[in-house]
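The values are calculated or read from the model by the stated rules, or taken from the named source; none is laboratory data. Note that this is a predicted model, so its numbers are computed, not measured. FYI the Cβ positions are ideal-geometry reconstructions off the backbone, even for glycines, and counts take in every protein chain you see. Protein only, heavy atoms only, side chains kept; ligands, DNA and RNA dropped before computing areas. Shrake-Rupley method; radii C 1.70, N 1.55, O 1.52, S 1.80 Å.
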Amino acid sequence: MTAHATFDRLWADLEPIGRDRASGGYRRFAWTDADLTLREWFAGQAADRGLDLVTDRAGNQWAWWGDPDTAAAQGDPGAVLGSHLDSVPDGGAFDGPLGVVSALAVVDALRARGVVPSRPLGVVNFGDEEGARFGIACAGSRLVTGALGADRARALTDGDGVSMAEAMAAAGHDPAHLGPDPETLRRVGAFVELHVEQGRGLVDLDAPVAVGASIWPHGRWRFDLAGQANHAGTTRLVDRHDPMLAFASAVSLARSLAERNGVVATCGKVRVEPNGVNAIPSRVTGWLDARGSDPDAVRSLVQAFSAAVTDLDGEVTQESWTDETAFDADLAGRLTRVLGGVPVLPTGAGHDAGILANAGVPTAMLFVRNPTGISHSPQEFAERDDCLAGVDALTAVVEDLVS
Ligand SMILES: [Zn+2]
């Protein structure tokens, strides 16, 4: 099977899994039925190719061509490709799956050409990359690197109060295994994640593929605003203590601070109690996501935002912070050379590749053009020709890495 035929077939396999009919978007959340179907699919693809499937302590799936432990012991650990299969709420088809499908297509391309890798080649499906269910992005890679502690992870809860430990156990993965996993990381000599671009960099440069340079510093904060529940009809305006008003001003402040500081800030999630049309809320919890190329500008935004929320009798809690992540310069240079001088771009989106890079794994990324720049939406898109250009670029890169 040629790599392009593999790509088309695997893409068609994934198309219906976890898709919401009404929105057209994907709801592939960690440890749900859709996620388990995707995991089974991945295991099946590994088996079809005779790859050895290893599930690590966090539940990430690694499909190996060659023996990664012997190679690691000999000081020449494997090259790994892949990405994730989970999605944000009503996410697009490309964010994550493009990297996994491309990686499997690369295996077929190498075999079709009779290439026998001189070092093991792995394909990974990282679990819970989007953090859509438990609130922590890249939970799978953060767990194996130790950036997310096991106790904290086990206690995280979803919107229904189900803990990550309970969700994992229900899905057949023992949460007692969670914890740093140096054995898994030792096998990875280089990691290359191909991903759909989540902005307009490649459209503006009129190129199908780019090499990633770095990931902007980024973080998430929760803000809790308390009030007093009361009747929407009988409570005079002057008697109200309505946290929704504080929430509205916080959201609008985040926007103006972002403009002033030259960064981006988003309030994309809110929880209202009791969440009734005819009830003044007793509590509003919002989330702030802030990112930018300059970490000081992001921090200054968060500082001003926190001060304002405190003035509104609210409380701000940092849920995560990741400094700027620079990918491995040697590896990026190697990719750029192999690909004949394609553009090199930074990104405002976080990735498992960034978590691995921060843990000391030589890591690189390839981006595939997104004609609208829209991502985390059912409208996210990439042209088939650009996806195939991505597969070809990844194949060239891997051939260089394993020859
Ligand atoms: Zn992604």
Failed condition for Asp158, given (1) under 21 Å from the mean Cα position of the chain (by Cα); (2) at pLDDT 95 or above; (3) open to solvent by 10 Å² or more (accessible area, probe 1.4 Å); (4) under 21 Å from Ala353 (Cβ atoms), with all others met?
(4)
Check the range 138-147 and report whether any residue there is open to solvent by 50 Å² or more (accessible area, probe 1.4 Å) and either farther than 30 Å from Val272 by Cβ or at pLDDT 95 or above (or both).
yes
Just checking, does the range 366-373 include any residue being in contact with a Pro (Cβ under 8 Å, 6 or more places away or on another chain) and charged (D, E, K, R)?
yes
Only one of Ala254, Ala246, Ala213, Ala176 is modelled with pLDDT under 95 and not aromatic (Phe, Trp, Tyr), namely Ala213
Mind checking whether some residue in the range 16-37 is in contact (Cβ under 8 Å) with a residue 40 or more places away in the chain, over 20 Å from the mean Cα position of the chain (by Cα) and within 28 Å of Ala176 (Cα to Cα)?
no
Number of the exception - Gln74 against (1) touching a residue at least 40 places away in the same chain (Cβ under 8 Å); (2) polar (S, T, N, Q); (3) surrounded by fewer than 24 Cβ atoms within 10 Å (Cβ to Cβ)
(1)
Tell me which residues, restricted to the range 359-384, are assigned to a strand (DSSP E or B) and within 15 Å of the ligand (Cβ to nearest atom).
Thr363, Met365, Leu366, Phe367, Val368
Is it true that some residue in the range 217-230 is open to solvent by 60 Å² or more (accessible area, probe 1.4 Å) and in contact with a helix residue (DSSP H, G or I) (Cβ under 6 Å, 6 or more places away or on another chain)?
no
Report whether or not Ala167 is open to solvent by less than 60 Å² (accessible area, probe 1.4 Å) and touching a helix residue (DSSP H, G or I) at 6+ places or on another chain (Cβ under 7 Å).
no
Counting only helices (runs of 4 or more DSSP H) wholly inside the range 73-192, the ones holding at least 1 residues that are within 14 Å of the ligand (Cβ to nearest atom) and over 26 Å from Val391 (Cα atoms) are 139-145
Give me the residue from the range 318-358 that is part of a loop (DSSP other than H, G, I, E, B) and within 16 Å of the ligand (Cβ to nearest atom) and, out of that set, surrounded by the fewest Cβ atoms within 10 Å (Cβ to Cβ).
Gly348
For Gly390, only one of the following conditions fails: (1) in a helix (DSSP H, G or I); (2) without any contact (Cβ under 8 Å) to a residue 60 or more places away in the chain. What is its number?
(2)
Per the filter on the range 25-54, residues within 18 Å of Ala93 (Cβ to Cβ), in a loop (DSSP other than H, G, I, E, B) and open to solvent by 20 Å² or more (accessible area, probe 1.4 Å) are Arg27, Phe29, Thr32
Return the residues of the range 308-317 that are in contact with a strand residue (DSSP E or B) (Cβ under 9 Å, 6 or more places away or on another chain) and either part of a strand (DSSP E or B) or open to solvent by 40 Å² or more (accessible area, probe 1.4 Å) (or both); say none if nothing qualifies.
Thr310, Leu312, Asp313, Gly314, Glu315, Val316, Thr317
List the strands (runs of 3 or more DSSP E) inside the range 193-300, counting only whole elements, that have at least 2 residues being more than 23 Å from Gly373 (Cβ to Cβ) and of a type outside the set (A, V, I, L, M, F, W, C).
218-226, 264-273, 283-291
Among Asp76, Asp95, which is the only one that is touching a strand residue (DSSP E or B) at 6+ places or on another chain (Cβ under 8 Å) and modelled with pLDDT under 95?
Asp76
Conditions (1) free of Cβ contacts under 8 Å to residues at least 24 places away in the same chain; (2) within 24 Å of Asp181 (Cα to Cα): number failed by Gly340
(2)
